[in-house]
């Protein structure tokens, strides 16, 4: 009797024979047209016709490509939670990049696990600084927060392990090992790539890809959004071609190779025919459109994502024009598995669409983004139909926008006050109300401006002397364990016979975020001894367009840029220091004054109020200012020359 009961229990939890496996692959910040197949389809209108993604294209060729796929919020952690839960962010509660994901949340992983699937997560999870095994998954190999691109520590089921190499290569290998170990039972694997999120540090093999390539300028390239953008407007680029962020595409090239590794493993294990593979991204990304970088706001470049699905049993080489959303993933996976879709999920299963069945489908959907105190993008909501869009800015109706996407796909003409568009506005207002009600939308409370409770440590928190050559690891001699990872560096002769770091315009040192490197609200001093060989380049940088600082050279003159809540303050010295050794100190003192000292002589001072209102999200870089740059140098801001030493002091200390 006992053995019979045990057998019955096992049968109740084990999935029936023939249930498909699931592999969900997704990148970070990949816009919808950053795909070779899309560039080819767009022809003369392609912005990046030289860009190729053969492995992502393979999924499209052997499966389905959604031409109109979107996120219901264009921000990393909230969108990732949407993929997991099938819910809008006002429902699942992850409304920013700082909130941990609940252990008890109902997700496609938790429900498949209940149904007998083995569930695994590899790569970037990014729910604040959440550590430990990922909720809903039997196995996980992930890193804390944003992680770093090279030699990033990975937590395997919550236990930290050191790794070597480019992080997406590393976690892809771990994901493939999971597939091999679980090939004899139904499984779900989610693999989150860190790339192409900034800072743009591609795998070494891709560092010179697409050299010299440019991008097609779009009609919306020089347009400003209606809300204030507290950053210097980038210089206008004349002609049909503009600079391309080549680092961004080099990163995606690395992701594409790892997609190929996963597909190859499925082929070799003879699992491809019974595995649903989905490829997507957590949000789009601006590359100069509307003069913007980043995402968050409600223009098409921010909302649209790649979405590819392969399940050989359903056919290949098909495109779908229905509007698919990130909240649809969870119900789709459960539907294919024959698992009941929880009532909490707000998305729709793509299964009928992929099977070619006639089925009612959405003709409109709702978008939401909630303002974060550290960023300039305001709270924004929108309704998008198949041919039009109404964008609203709660509390700031003067910024509202109406676009006829059929006639104006680049969103260049706001029709909100156009008398001839009154009928379209009325129709979109009604649709907005209907969609807001359907998703039970409620305006969120405004996020308060962060209160800084940081305390100065009154000691050096970073001390790089470069006294010895290193195979990638730069030791921090301050005792704070802020060790660095060297990328593309060499060594030269420094002062007094010492070894100096030699940077040739593409090298750098990456230092992971830590509590001791938090400069918010306290006196802070950077000290560097350098011999520059070029008139421009970053010596040390941290942060980006919202909060950050950078000590750099401008026309050969030491300069300090500080960005506090989007407002830029620049302190520029007087002495040119190219081709000579220079001792530079810069920062903010106890009187809340920015200062700049060159070779023992103070050259600039200015009242600042405070250094930074919050700890920047990005890691620290020596010799570069990449990703969301602090300085106006959009070429990456790399330093050319020698750095003899680099030290950072937390506190006032001695001037």
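Some points to look at:
- Restricting 277, 229, 242, 255 to those that are at pLDDT 95 or above and not in a helix (DSSP H, G or I) reduces the list to 277.
- Enumeration of residues in region 153-172 that are in contact (Cβ under 8 Å) with a residue 12 or more places away in the chain, touching a strand residue (DSSP E or B) at 6+ places or on another chain (Cβ under 9 Å) and surrounded by fewer than 24 Cβ atoms within 10 Å (Cβ to Cβ): 154, 155, 156, 157, 158, 163, 164, 165, 170
- Count of region 85-95 residues which are over 20 Å from the mean Cα position of the chain (by Cα) and in a loop (DSSP other than H, G, I, E, B): 2
- Condition met for residue 536 (at pLDDT below 90, more than 24 Å from residue 491 (Cβ to Cβ) and either crowded, with 16+ Cβ neighbours inside 10 Å or in contact with a helix residue (DSSP H, G or I) (Cβ under 8 Å, 6 or more places away or on another chain) (or both)): no
- Residue list for region 382-401, filter: within 28 Å of the chain's Cα centre (by Cα) and not in a loop (DSSP other than H, G, I, E, B): 382, 383, 384, 385, 388, 389, 390, 391, 392, 399, 401
- Residues of region 56-84 satisfying the condition of being part of a helix (DSSP H, G or I) and under 20 Å from residue 361 (Cβ atoms): 82, 83
- Candidate set from region 605-635 (those that are buried (at least 21 other Cβ atoms within 10 Å of the Cβ) and at positive phi); member that is modelled with the highest pLDDT: 623
- Index of the failed condition, residue 187 passing every other in (1) surrounded by fewer than 20 Cβ atoms within 10 Å (Cβ to Cβ); (2) farther than 14 Å from residue 141 by Cβ: (1)
- Residue that is surrounded by the most Cβ atoms within 10 Å (Cβ to Cβ), among those in region 434-476 that are at pLDDT below 80 and in the same structural domain as residue 508 (by TED's automatic domain parsing): 470
- Scan of region 326-349 for residues that are under 26 Å from the mean Cα position of the chain (by Cα) and assigned to a helix (DSSP H, G or I), ordered by number: 326, 327, 328, 329, 330, 331, 332, 333
- Residue match in region 222-229 (condition: buried (at least 18 other Cβ atoms within 10 Å of the Cβ), in the same structural domain as residue 310 (by TED's automatic domain parsing) and under 20 Å from residue 123 (Cβ atoms)): no
- Top-ranked residue of region 477-511 - restricted to ones that are crowded, with 20+ Cβ neighbours inside 10 Å and in a loop (DSSP other than H, G, I, E, B), ranked as modelled with the lowest pLDDT: 494
- Residue-level check: of (1) in contact (Cβ under 8 Å) with a residue 40 or more places away in the chain; (2) buried (at least 20 other Cβ atoms within 10 Å of the Cβ); (3) within 24 Å of residue 122 (Cβ to Cβ), residue 94 misses just (1).
- Strands (runs of 3 or more DSSP E) enclosed by region 96-190 - at least 3 residues per element that are within 24 Å of residue 259 (Cβ to Cβ): 118-123, 139-142, 154-156
- The single condition among (1) assigned to a helix (DSSP H, G or I); (2) touching a helix residue (DSSP H, G or I) at 6+ places or on another chain (Cβ under 9 Å) that residue 285 does not satisfy is (1).
The values are calculated or read from the model by the stated rules, or taken from the named source; none is laboratory data. None of these values were measured; they are calculated from a predicted model. Note: ideal-geometry Cβ built from the backbone for every residue, glycine included; neighbour counts use all protein chains shown.
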